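Everything below concerns the one structure shown next.
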Amino acid sequence: MAWALAIQFPERLEKLAILNVPHPDVMTRFLLSNSTQRKKSWYVYFFQLPFAEWILRRNNFQNMERVLVGRRNSFTSEDILEYKKAWSQPGALTGMLNWYRAAVHRGLRGSWNPKKIHARPVKVQTLMLWGKHDVALSHEMAQPSIELCKRGELVMFDKATHWVQHDAADEVNEKLIAFLK
């Protein structure tokens, strides 16, 4: 959502901070041309299934908890309880999945030729923080994403995962505070 806002309405932002999410045009290009990224993005296709909510909600969100707990102790048991409370809210899980469903639907209307994807520039000053060990999103998308930013800085966290804000909380907060001042 942040990328879309910066691309379509840059006048509404002073600065943009991104944590482990590639520019949408870079993501599309990688999904179309990079088999490794397609494999990493299997969950996006799973989320398209009409019974995805049921599977994710089953056994007190056991499958969703497994995804979080399996990530280098990034989450405490208290964190997991808070996530479960949030996921349990009426409409929350469907709302989360609808983001991915809409992204795929949008892609179906777009070009399936990676060479024809027009990369939209980002005019807003951008800070991108990326955990190199992200299992879902290749760190190879970070540099091409920041290159689309007219005033961008990429900080790679070599020991962090997709959950960079948990894995390197102090460093991420320092970078964000300095950037947003």
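Quick grid of which residues meet (1) closer than 25 Å to residue 88 by Cβ; (2) buried (at least 18 other Cβ atoms within 10 Å of the Cβ); (3) without any contact (Cβ under 8 Å) to a residue 12 or more places away in the chain:
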site	(1), (2), (3)
22	no, yes, no
29	no, yes, no
34	no, no, no
41	no, yes, no
56	yes, yes, no
59	yes, no, yes
62	yes, no, yes
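Could you check residue 76 against (1) at pLDDT below 90; (2) over 29 Å from residue 169 (Cβ atoms); (3) among the hydroxyl-bearing types (Ser, Thr, Tyr) and say which number it fails? Condition (2) is where residue 76 drops out. In region 64-89, of all residues being outside any helix (DSSP H, G or I) and open to solvent by 100 Å² or more (accessible area, probe 1.4 Å), the one that is farthest from residue 136 (Cα to Cα) corresponds to 89.
Close contacts from region 157-180, counting a first residue that is touching a residue at least 40 places away in the same chain (Cβ under 8 Å) and closer than 22 Å to residue 79 by Cα and a second that is acidic (Asp, Glu) and open to solvent by 40 Å² or more (accessible area, probe 1.4 Å), with Cβ to Cβ under 6 Å and a gap of 6+ residues or different chains, come to 161/167. Considering (1) touching a helix residue (DSSP H, G or I) at 6+ places or on another chain (Cβ under 8 Å); (2) charged (D, E, K, R); (3) modelled with pLDDT under 95, the lone condition that residue 115 does not fulfil carries the number (1). Apart from one condition, residue 159 fits all of (1) over 12 Å from the mean Cα position of the chain (by Cα); (2) not in a loop (DSSP other than H, G, I, E, B); the exception is (2). Residue 100: farther than 23 Å from residue 169 by Cα and either among the β-branched types (Val, Ile, Thr) or surrounded by 11 or more Cβ atoms within 10 Å (Cβ to Cβ) (or both), yes or no? Yes, satisfied. Considering only region 9-20, how many residues are charged (D, E, K, R) and touching a residue at least 12 places away in the same chain (Cβ under 8 Å)? Final tally of qualifying residues: 2.
When region 45-54 is limited to residues that are in a loop (DSSP other than H, G, I, E, B) and of a type in the set (Phe, Trp, Tyr), the one that is least open to solvent (accessible area, probe 1.4 Å) turns out to be 47. Among the residues of region 134-181, count how many are farther than 25 Å from residue 67 by Cα, of a type in the set (Val, Ile, Thr) and either modelled with pLDDT under 95 or open to solvent by 40 Å² or more (accessible area, probe 1.4 Å) (or both). Looking only at that region, the number is 1.
The values are calculated or read from the model by the stated rules, or taken from the named source; none is laboratory data. None of these values were measured; they are calculated from a predicted model. All Cβ positions, glycine included, derive from the backbone under ideal geometry; neighbour counts span all protein chains shown. Side chains included, ligands, DNA and RNA excluded: accessible areas come from the protein's heavy atoms. Shrake-Rupley method; radii C 1.70, N 1.55, O 1.52, S 1.80 Å.
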